[in-house]
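Shown next, in structure tokens, is the structure this report addresses.
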Amino acid sequence: CIRIYGGDPVWIEGNSVGWSPFHGILIGEDPSADVGRVDVVGNFVGVNESGQGIGNTLAGIRVARGEVSLRRNTVGGNRTGIELGETASGVEVTENFVGTDALGRDQGNSNVGIFVSSTNGANRIGRPGAGNVIGWNGASGIVAYESAAPNEIVGNTIGVGPTGLPMPNGVHGIQ
């Protein structure tokens with residue numbers, strides 16, 4: 001498990017993170033710590049580079065708060081792929097493979113691919129030309145709860161693989 005309490009800036013890149021009884025990567029859980037800029041880039045979380053499952057028991061990546069960017073990660077084989085917790089705000093989630101990998105293989109998370117429970121909002125899940133590829137998850141691809149500021153969900157490929165083949169999620173694409 002990689003746990004970030006604080007720091008500015010923090011760069012997490014090129015790791016294989018798995019077999020944790022909790023979250024694979026946990027950012028900003030301590031409300032008394034000052035979490036600054038955290039970039040999580042190009043990691044394999046819950047699955048390794050060769051596609052072998054090394055799932056974490058809870059979320060692959062959980063962001064409680066902080067100025068966080070999650071980019072180009074492969075996240076699969078966890079309970080939840082990426083979770084933006086109740087106080088997360090301004091988090092950017094772009095160009096990730098969630099529940100799958102660059103080859104479109106089934107690396108599904110047992111529950112939701114991306115779960116946004118943030119009541120603060122203002123999080124961005126994808127951007128035009130920089131969306132996430134989301135599929136093979138046991139429940140929905142993305143679940144977003146009502147928040148104070150809008151969360152943006154833009155430019156993602158959900159339930160369809162990089163080659164156009166189906167990669168269905170268990171329930172909804174977006175809920």
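The values are calculated or read from the model by the stated rules, or taken from the named source; none is laboratory data. Owing to the predicted nature of the structure, the values given are computational and were not obtained by experimental measurement. With ideal geometry, Cβ positions are generated from the backbone for all residues, glycine too; neighbour counts draw on all protein chains shown. Heads up: the accessible areas ignore ligands, DNA and RNA and are worked out on the full protein's heavy atoms, side chains in. Shrake-Rupley method; radii C 1.70, N 1.55, O 1.52, S 1.80 Å.
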**Asked** Restricting attention to the range 40-84, which GluC sites (Glu not before Pro) occupy a DSSP loop and are surrounded by at most 14 other Cβ atoms within 10 Å?
**Response** Glu49
**Message:** Residue by residue through the range 77-90, what is 3J(HN,Hα) from phi via Karplus (6.51 cos²θ - 1.76 cosθ + 1.60, θ = phi - 60°)? Round to whole Hz and write x for glycine and proline.
**Reply:** x, 9, 5, 10, x, 10, 10, 9, x, 4, 9, 5, 8, x
**Asked** So what is the relative contact order for the chain, in percent, with contacts set as C-alpha pairs under 8 Å and at least six apart?
**Response** 16
**Prompt:** Cα centroid distance between the range 101-175 and the range 1-34, in Å?
**Reply:** 21
**Prompt:** Given the protein chains as shown and a 1.4 Å probe, how many square angstrom of Asp34 are accessible, to the nearest 10?
**Reply:** 130
**Asked** What nm distance separates the two modelled labels at Arg3 and Ala102, each placed 7 Å from Cα along Cα→Cβ?
**Response** 3.2
**Asked** For the chain, what does the alpha-carbon gyration tensor say about shape, rounded, prolate or oblate, given a ≥ b ≥ c as the root eigenvalues, a/c under 1.5 as rounded, and a/b over b/c as prolate?
**Response** oblate
**Accessible area expressed per residue, the range 51-129, with surrounding protein chains retained (probe 1.4 Å, Å²)** = 33
**Item:** the chain - charge dipole about Cα centre, Lys and Arg +1 at Cβ, Asp and Glu -1, debye rounded to 20
**Value:** 280
**Asked** Carbon and sulfur atoms: what percent of the 1.4 Å accessible area of the range 74-119 do they account for?
**Response** 48
**Prompt:** Of all the Cα-Cα pairs you can form in the range 133-175, what percent are over 15 Å apart?
**Reply:** 43
